[in-house]
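J.: Sharing a structure with you now.
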Amino acid sequence: MSTEFGLFMDQYPDLPRTPVAVEPYISAEYFEMERAGIFRKCWINVGRESDAATPGEYFVRNIEIAGASVLVVRGSDGAVRAFHNMCSHRGNPVAWEERGKCRHFTCQFHGWTYDTRGALVHVSDRDRFFDLDPAKNGLTPIHCGVWQGFIFINLAKSPDETLEAYLAPVTELVDGYPFSSLTKAYGYRAVEQVNWKTLIEAQMEGWHLPYLHKNTLAKTATDRGKRFRHAALKRLGAHSLVSSQAPESFNPTPVTAISISYGVGTFDAFSVESEREGKGPKWHGAFDLYHIFPNFYVGLLRGTYFTYNVWPLARDRTVWEVTGYYPPALNAGQVFSQAVGSVGLRDTLREDAFVHEQITRVIGSGAKDHFHLQDEETAIRNFLGQVNARVHT
Ligand code: FES
Ligand SMILES: [Fe+2]
């Protein structure tokens, strides 16, 4: 759909066009409601299968907003499972390292031991316990599923829907992207003074590109005399697609030009329309960014993709993790090319992070009750609608 001929919002007559309230960004009470209504109920991405590639490999995800430490481990049978990282004796986390490989998890408090499938296989001083059934005291399992190598967990005792149903509107567009041929190449992690929704929403519109990113991403791309218009904005159930079109022209810096000659994935990846036919994903523009509710993004480009995981710590503090994937670099030129791409993305995202914290410094003043969203910010309306509906159920 082109905005030359209409508004993206016309696709969704049920989305309100009214100003949006500031309160949810600053209220401690609202943050508490998000904890229960969203992060303890939704499917949450915690990593990729390659993070626990072989039997016994594990990693730990501490999800502060849910008050949970999640242990993801590939069992001796090859299956990936998730458990609460909490000993059945008196609650000590059984894995203290962020990642590792083992045959057993032995609790460092009193030595109870679990296998990689979560079974309690050793109870220290077994004959001094009363009425204890080891078979019923393995690690507490967490619902866990995998889509395209992405591992999701759901902390609800019984999730409202399966992972497949939850992701269906996204998977039908994305499946076919060559995720499995790209490997983790870089990552960034920032702890920011910002509400998690402000961080999420800053990635939900490209309209700020010619303003905030005029010295970085927008510098090499020109759409003379034109306003920024998305290639597509789509509501996909709870999720959304924010697609940016290739600019009219692309003028790389000398360093970027050299890097392009060795590989893909520098700024040039944002500038090339992707093949829309064939058996790959259904491309909508040069850069298709999928938000998977509540806190995960997958950004698809030609030859490279990246993810964002956004972890709320408090109403005004959030962790932002950025992970980039490339084909394995085969020579020094490709290493250079990928480094230029990763640094370019970093510099652009640092500009976003600066704004997040600037907003946080002033948003609590009470000066404004409402903010305003235009048509290019339609995905934010969908996101806020989802948040609001879930905190009030
Ligand atoms: S808390 Fe784990 S053995 Fe005591
Ligand atoms: Fe940005």
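J.: How much of the accessible area of the stretch 1-157, probe 1.4 Å, is carbon plus sulfur, in whole percent?
T.: Its accessible area is 51 percent carbon and sulfur atoms.
J.: If you rank Arg61, Arg103, Arg90 by how much accessible surface each has, with a 1.4 Å probe, what is the order from largest down?
T.: Greatest to least solvent exposure: Arg103, Arg90, Arg61.
J.: Related question: Go ahead and set up a Gaussian network model of the chain, Cα springs under 10 Å, then flag whichever of Gly78, Gly366, Gly344 fluctuates most.
T.: The residue with the greatest mean-square fluctuation here is Gly366.
J.: Ok, one more. Show me, for the stretch 67-79, the HN-Hα J-couplings you get by feeding each phi into the Karplus relation (A = 6.51, B = -1.76, C = 1.60, θ = phi - 60°), rounded to Hz, glycine and proline as x.
T.: Going residue by residue, I get x, 10, 10, 10, 9, 10, 9, 8, x, 4, 8, x, 8 Hz, with x marking Gly and Pro.
J.: Mind ordering 194-202, 248-256 by average Cβ neighbours within 10 Å, highest first?
T.: Sorting 194-202, 248-256 by mean packing, highest first, produces 194-202, 248-256.
J.: I'd like the accessible area for Glu357, computed on protein heavy atoms only with a 1.4 Å probe and all protein chains in place. Round to 10 Å², please.
T.: The accessible area comes out at roughly 70 Å².
J.: Can you work out ³J(HN,Hα) from phi for every residue in the stretch 50-66, in order, using Karplus 6.51 cos²θ - 1.76 cosθ + 1.60 and θ = phi - 60°, giving whole Hz and x for Gly and Pro?
T.: Whole-Hz 3J(HN,Hα) from phi for the stretch 50-66: 5, 6, 9, 6, 10, x, x, 6, 9, 8, 10, 10, 8, 10, 4, 5, 9.
J.: Another question, then. I want to check the label-to-label distance for Arg103 and Asp160. Put each point 7 Å from Cα in the C-beta direction and report it in nm to one decimal.
T.: A separation of 4.5 nm, rounded to one decimal place.
J.: Identify unpaired cysteines across the chain, taking unpaired to mean no other cysteine Cβ lies under 4.7 Å from the residue's Cβ.
T.: Cys42, Cys102, Cys144 - these cysteines have no disulfide-compatible partner (Cβ-Cβ under 4.7 Å) in the chain.
J.: What are the ³J(HN,Hα) couplings of the stretch 231-237, residue after residue, when phi is run through the Karplus curve with 6.51, -1.76, 1.60 and θ = phi - 60°? Round to Hz, x for glycine and proline.
T.: Computed from phi, the couplings for the stretch 231-237 are 6, 7, 9, 9, 8, 10, x Hz.
J.: Name the residues whose placed amide hydrogens come within less than 5 Å of the amide hydrogen of Gly206, ignoring near sequence neighbours (fewer than 5 apart) on the same chain.
T.: Here nothing satisfies the definition.
J.: How big is D for the chain, in µm² s⁻¹ as a whole number, if Stokes-Einstein is applied with the Kirkwood radius of its Cα pairs at 10 °C and 1.306 mPa s?
T.: 70 µm²/s
J.: Cross-chain or 8 or more residues apart, Cα under 23 Å: how many lysine pairs in the chain fit that? Count them up, please.
T.: Taking the chain as the scope, the lysine pair count is 10.
J.: Also, I was wondering about something else. Using amide H atoms built 1.01 Å from N in the peptide plane, name the residues 5+ places from Ala68, or on other chains, whose amide H lies under 5 Å from its own.
T.: Ile63
J.: On to the next question. Measure off, as a whole percent, the carbon and sulfur share of the 1.4 Å-probe accessible area of the stretch 321-362, all protein chains present.
T.: Within the stretch 321-362, the accessible surface is 62 percent carbon and sulfur.
J.: Here's a follow-up. Per the Kirkwood treatment, what hydrodynamic radius in Å, one decimal, follows for the stretch 28-149 from the mean inverse distance over all distinct Cα pairs?
T.: It works out to 15.3 Å.
J.: Could you tell me the center-to-center distance, by alpha carbons, between the stretch 1-60 and the stretch 144-202 in angstrom?
T.: Between the Cα centres of the stretch 1-60 and the stretch 144-202 lies a distance of 10 Å.
J.: Let me ask another. Leaving out ligands and nucleic acids, note down the accessible area per residue over the chain with a 1.4 angstrom probe, in whole Å².
T.: 48 Å²
J.: Okay, next question. Suppose we keep just the DSSP beta bridges with both residues in the stretch 153-251; what percent of those would be antiparallel, to 5?
T.: The antiparallel fraction comes to roughly 90 percent.
J.: What is the helix-to-structure angle for 163-174, meaning the angle in degrees between its Cα long axis and the longest Cα principal axis of the chain, kept from 0 to 90 and rounded to the nearest 10?
T.: Taking Cα atoms only, the helix is inclined about 30 degrees.
J.: How tilted is helix 332-363 with respect to the longest principal axis of the chain? Cα atoms for both, answer in degrees (0 to 90, nearest 10).
T.: Tilt relative to the chain: about 90 degrees.
The values are calculated or read from the model by the stated rules, or taken from the named source; none is laboratory data. Just so we're clear, the structure is a prediction, and the values are computed from it rather than from any experiment. Methodologically, a virtual Cβ is constructed for each residue, glycine included, from the backbone with ideal geometry; neighbour enumeration extends over all protein chains shown. We work out accessible area using only protein heavy atoms, side chains counted, and drop any ligands, DNA or RNA first. Shrake-Rupley method; radii C 1.70, N 1.55, O 1.52, S 1.80 Å.
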